[in-house]
Amino acid sequence: MRDALGECRTVLNVGAGAGSYEPVDRYVVAVEPSRSMRAQRPQGAAPAVDATAERLPFDEESFDAAMAVMTVHQWQDVTQGLKELQRVARDAVVVMTLDAPALRDFWLTDYIPEVVDVEVTRFPPIELIARVLGGKGWAVDVAPVPVPRDCTDGFGEAFYARPEAFLDPTIRRATSGLVLSPPAAVERGIERLREDLASGVWDKEYGLLRALPQRRGAIRLITATRIQR
Ligand SMILES: C[S@@+](CC[C@H](N)C(=O)[O-])C[C@H]1O[C@@H](n2cnc3c(N)ncnc32)[C@H](O)[C@@H]1O
C-alpha cells in the first residue's frame with residue numbers, strides 16, 4: 001500500500017472504517033458512512049467525514065491519491081464509487097480487495113467450498129474494477145498481496161499455515177466468508193478438518209504450508225496511475 005501510494009502526500013481513504021492500513025506518514029482524510037465505525041477510530045486518527053464513495057463531497061483532484069481497502073464489496077454502486085475516487089484523485093487510486101474466485105486455491109475451501117460461492121456473490125470481479133479504473137489517461141496494475149505466515153490480521157487466508165486456528169469459534173466468527181456460509185456446511189467442514197488434523201491427513205496434504213514464510217492468496221492490490229490529463 002505504501003509503495004502504491006508512492007510520493008503522494010495527500011490521501012483520501014474511502015470506506016476507512018476504524019483506520020486499519022491507513023497511512024500515518026501523510027496528510028489523510030477519511031470517508032466513512034458508519035457512525036459506529038467512525039466511533040472506533042483511535043484518538044489522533046485522521047478526521048473522518050460522513051459520506052459515501054458514490055458521492056464524495058470534494059472537488060476534482062483535491063487529493064494526490066484516493067484509497068479504498070476491503071470496502072468496494074459493500075458499496076451500493078461500485079462503478080460510480082470508483083469513478084468518484086478517480087475524480088477527486090490527482091495522481092493515483094489504490095484499491096485493496098478480494099479476488100473471490102482465487103479463494104479456490106486456499107485449502108480451507110476444500111473443506112468448505114460454499115465459502116467461494118458466498119464470496120463470489122459479494123465481491124465485485126477484479127476485471128470490473130480494472131476496467132472502470134483503466135479509462136482514458138489512466139494505467140492500471142493488479143498485483144497479489146503477499147500475506148505473512150504470522151499475519152496479525154485475522155482474515156481467513158491469514159491462517160494458511162495455522163489450520164488449528166479454524167477450530168476456534170472466535171476466529172471463525174471474524175471471517176465473514178464463514179459467517180455467511182450455511183452453518184451446516186461450515187460445521188461439516190470444520191469437523192472434517194478436526195479429524196484430518198488429528199490423523200495427520202491435513203499435514204500430509206498441505207503440511208508444507210506450515211513452513212512457507214508468505215503466501216500470495218486472493219487479496220489483490222489494484223493501482224491506477226494517471227498517465228496523462
Ligand atoms: C470491511 S470494512 C473495511 C474498513 C477499513 N478500510 C479496513 O480495511 O479496515 C468496510 C467499510 O466500508 C464502509 N462502507 C460501506 N458502504 C460504503 C460506501 N458506499 N461508501 C464508503 N464506505 C462504505 C463500511 O461502513 C465499513 O466501514
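Rule-based calculations on the coordinates, nothing more; no lab input. The structure displayed is predicted, hence computed values, not measured ones. Positions of Cβ are generated from backbone atoms using ideal geometry, with glycine treated the same way; all protein chains shown enter the neighbour counts.
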Residue under question is residue 68, and the condition is that it be near the ligand (Cβ under 9 Å from one of its atoms), assigned to a strand (DSSP E or B) and not basic (Lys, Arg); does it hold?
yes
Check residue 83 against each of (1) in a helix (DSSP H, G or I); (2) buried (at least 21 other Cβ atoms within 10 Å of the Cβ); (3) within 16 Å of the ligand (Cβ to nearest atom) and name the one condition it does not meet.
(2)
Residue tally, condition within 16 Å of residue 73 (Cα to Cα) and small (Gly, Ala, Ser), over segment 103-148
1
Kindly indicate whether any position in segment 91-98 is of a type outside the set (Val, Ile, Thr) and more than 22 Å from residue 218 (Cβ to Cβ).
yes
Given 198, 185, which one is free of Cβ contacts under 8 Å to residues at least 24 places away in the same chain, among the small types (Gly, Ala, Ser) and more than 19 Å from residue 98 (Cβ to Cβ)?
198
Kindly indicate the residue of segment 216-229 that is more than 15 Å from the chain's Cα centre (by Cα) and either of a type in the set (Val, Ile, Thr) or assigned to a strand (DSSP E or B) (or both) and also nearest to residue 115 (Cα to Cα) among those meeting that condition.
224
Of all residues in segment 42-57, which are out of contact with any Gly (no Cβ under 8 Å at 6 or more places or on another chain), among the aliphatic types (A, V, I, L, M) and assigned to a loop (DSSP other than H, G, I, E, B)?
51, 56
Unmet criterion (only one of (1) free of Cβ contacts under 8 Å to residues at least 40 places away in the same chain; (2) small (Gly, Ala, Ser); (3) away from the ligand (no atom under 12 Å from the Cβ)) for residue 139
(1)
Mind counting the residues in segment 5-29 that are near the ligand (Cβ under 9 Å from one of its atoms), surrounded by 19 or more Cβ atoms within 10 Å (Cβ to Cβ) and of a type in the set (A, V, I, L, M)?
2
Considering only residues that are within 13 Å of the chain's Cα centre (by Cα) and surrounded by fewer than 14 Cβ atoms within 10 Å (Cβ to Cβ), which ones fall in segment 126-144?
143
I'm checking my understanding of the structure. Among residues of segment 30-46 that are near the ligand (Cβ under 10 Å from one of its atoms) and surrounded by fewer than 12 Cβ atoms within 10 Å (Cβ to Cβ), which one is nearest to residue 56 (Cα to Cα)?
35
